[in-house]
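Some notes on the structure that comes next.
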Amino acid sequence: MNKPVLPVSSLSLKLPTASRSLETYRLAASRAFPAKLQGTLNRMAFSAAHVVSDPLADVDPWLTAAVDWDKTIAFREHVWDLGLGVAEAMDTAQRGMGLDWPTSLELIRRSVLAAKARGNALVFSGAGTDHLAPEDARSLDDVIRAYEEQIGRIEKAGGRIILMASRALAKIGRNADDYARVYDRVLSQVAEPVIIHWLGDMFDPALANYWGTPNLDQAMDVAVGVVNANASKVDGVKVSLLDKQREIDMRRRLDKNVKMYTGDDFNYAELIAGDEQGYSHALLGIFDAIAPAASYALSRLAAGDTKGFHDVLGPTVPLSRHIFKAPTRFYKTGIVFMAYLNGHQDHFTMVGGQESTRSTLHLAELFRLADQAGLLANPEMATRRMKAVLALRGIEA
């Protein structure tokens, strides 16, 4: 039997290949997703949203973050229109990797105000210790005070908390007791239940040995112990280890009132769908890039159409695995490139100059995979913009 052939459009362009040649790539027929949520959702779903840099600001991009506030908030409006929540000032927004704490707080304030103007659209915001340089952390009390400062500022702005992993704690925390002391103290003071984020060192090498051990089984024991001991103060846990079995194992060990939010950008479709023992909610960087498809897929799941859910979300997984491939910490480049291709910003410029962290071949493959998943909202514009980036990198149409 002949293999099925994807429908194609009349659009094509020259894309580089691994053999250093150029191929004529013809786009598949476009696939349209609703611009607003259709129906309801039966999963909590957050997009960890990126920031749009200001390409005309007279700054040194490696040293100073210049944000286009209007475009940045407009992107959050796009996410809210689709029924998703915004996880604000997180890793996807280049937090601690270009976006410093004062700028992050300004971002949080603006997002919270925009959410309230919509009638309390869903937004949780990252509280960490990134204003405390790890080398300046002398004691666990220093880490606790740093968490308290950020939590206090965010709550004063009316925000809900995502408790981010701390580089300072990773540096000085020696064992389970150290981590329990910090988290118990901080959680005892929060105004509303928080989401705890366990970010693996593939996303941030400075977080190696989090929870006081390099052994992930032992680390999970510590994390589960901390969460369950403070269950009344914890809405959920986001796990970003890119290991679906560990997430499932942890999910089954959590207090019944604590949600699991998948942070697995490699296996999110099956984790959200779940199994007979439960499922994960979602707090994902990839949902920034695939928000319309994610919203529609989740609405199909809520309607009982599991096949429709997988038909939409399944094809997005190869793109996500490509965007988040090692070195995983550079995934933000792919997220912003998707926003550029899809017209959410007029340039491919990033905070910290991080548009340079992925190769031309990487971006070309991203374009192919996005097209094959039906994720190019306006294929004509996306093709034109892809050609412009290729031309800048020495490949003429």
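The values are calculated or read from the model by the stated rules, or taken from the named source; none is laboratory data. Quick caveat, the model's predicted, so the values are computed rather than measured. Methodologically, a virtual Cβ is constructed for each residue, glycine included, from the backbone with ideal geometry; neighbour enumeration extends over all protein chains shown. These accessible areas exclude ligands, DNA and RNA; they are computed on the full protein's heavy atoms, side chains included. Shrake-Rupley method; radii C 1.70, N 1.55, O 1.52, S 1.80 Å.
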Checklist entry - In debye, nearest 20: dipole of the chain around its Cα centre with unit charges on the Cβ of K, R (+) and D, E (-)? => result 880
Checklist entry - Measuring with a 1.4 Å probe in the full set of protein chains, what accessible area per residue, in whole Å², belongs to the range 277-397? => result 34
Checklist entry - When you count, for each residue, the other Cβ atoms within 10 Å and take the mean per peptide, how do 58-64, 314-320 rank with the highest first? => result 314-320, 58-64
Checklist entry - Where does helix 331-341 land angle-wise versus the long Cα axis of the chain, in degrees 0 to 90, nearest 10? => result 40
Checklist entry - Roughly how many percent of the accessible protein surface of the range 141-186 is carbon and sulfur, given a 1.4 Å probe and a whole-percent answer? => result 41
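Multiply the residue separation of D58 and A303 by 0.36 nm, subtract the distance between their alpha-carbon atoms, and state the gained length in nm to one decimal. Don't skip to the answer; put the middle values down first.
Details: separation 245, 0.36 × 245 = 88.20 nm, distance 4.96 nm.
Here the segment from D58 to A303 would lengthen by 83.2 nm.
Note down the net charge around S104, summing +1 for each Lys or Arg and -1 for each Asp or Glu among other residues with Cβ under 14 Å from its Cβ.
Values: positive: R95, R109, R110, R153; negative: E88, D91, D100, E106, D130, E149.
Here the count lands on -2.
I'd like to compare 329-336, 228-235: which one has the highest average count of other Cβ atoms within 10 Å, and what's the full order after that?
Going from most to least packed, we get 329-336, 228-235.
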Checklist outcome for this item: In degrees, nearest 10, the alpha-carbon axis of helix 176-187 is tilted away from the dominant principal axis of the alpha carbons of the chain by 90
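When the dipole is taken about the Cα centre of the range 285-353, and only Lys, Arg (+1) and Asp, Glu (-1) are charged at their Cβ, what size is it in debye, to the nearest 20? Walk me through the numbers on the way to the answer.
Numbers: 6 positive and 4 negative charges, 54 e Å.
So the dipole magnitude of the range 285-353 works out to roughly 260 debye.
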Next on the checklist: Tell me the accessible surface of Y296 in square angstrom (1.4 angstrom probe, heavy atoms of protein chains only), to the nearest ten.
Outcome noted: 80
Item to check | Residues of type lysines that K71 reaches as a straight line, Cα spacing below 20 Å, ignoring anything fewer than 8 places off in the same chain | outcome: K36, K116, K332
Checklist entry - Of F324, M338, I286, which is farthest on the positive side of the dipole of the range 283-371, counting Cα position, with +1 on Lys and Arg Cβ, -1 on Asp and Glu Cβ, and the Cα centre as origin? => result F324
Checklist outcome for this item: In a Gaussian network model of the chain with springs linking alpha carbons closer than 10 Å, the residue among E149, E88, E247 that fluctuates most is E149
Checklist entry - Projected onto the charge dipole of the chain (+1 at Lys/Arg Cβ, -1 at Asp/Glu Cβ, origin at the Cα centre), which of F203, V112, A45 gives the Cα projection farthest towards the positive end? => result A45
Item to check | For S139, solvent-accessible area (1.4 Å; no DNA, RNA or ligand), Å² | outcome: 40
Item to check | Exposure of H362 as accessible area (Å², to 10), given a probe of 1.4 Å and all protein chains | outcome: 20
Next on the checklist: With n ≥ 4 as the cut-off for DSSP H runs, can you work out [θ] at 222 nm for the chain, using -39500 (n - 2.57) per run divided by the number of residues, rounded to the nearest 500?
Outcome noted: -12500 deg cm²/dmol
Checklist entry - So what's the net charge close to A303: Lys and Arg +1, Asp and Glu -1, counting the other residues with Cβ under 15 Å from its Cβ? => result +1
Item to check | HN-Hα J in Hz across the range 274-279 - Karplus 6.51, -1.76, 1.60, θ = phi - 60°, x for Gly and Pro | outcome: x, 9, 5, 9, x, 8
Next on the checklist: Among R252, R20, R321, which one shows the highest mean-square fluctuation when the chain is modelled as a Gaussian network with alpha-carbon springs under 10 Å?
Outcome noted: R20
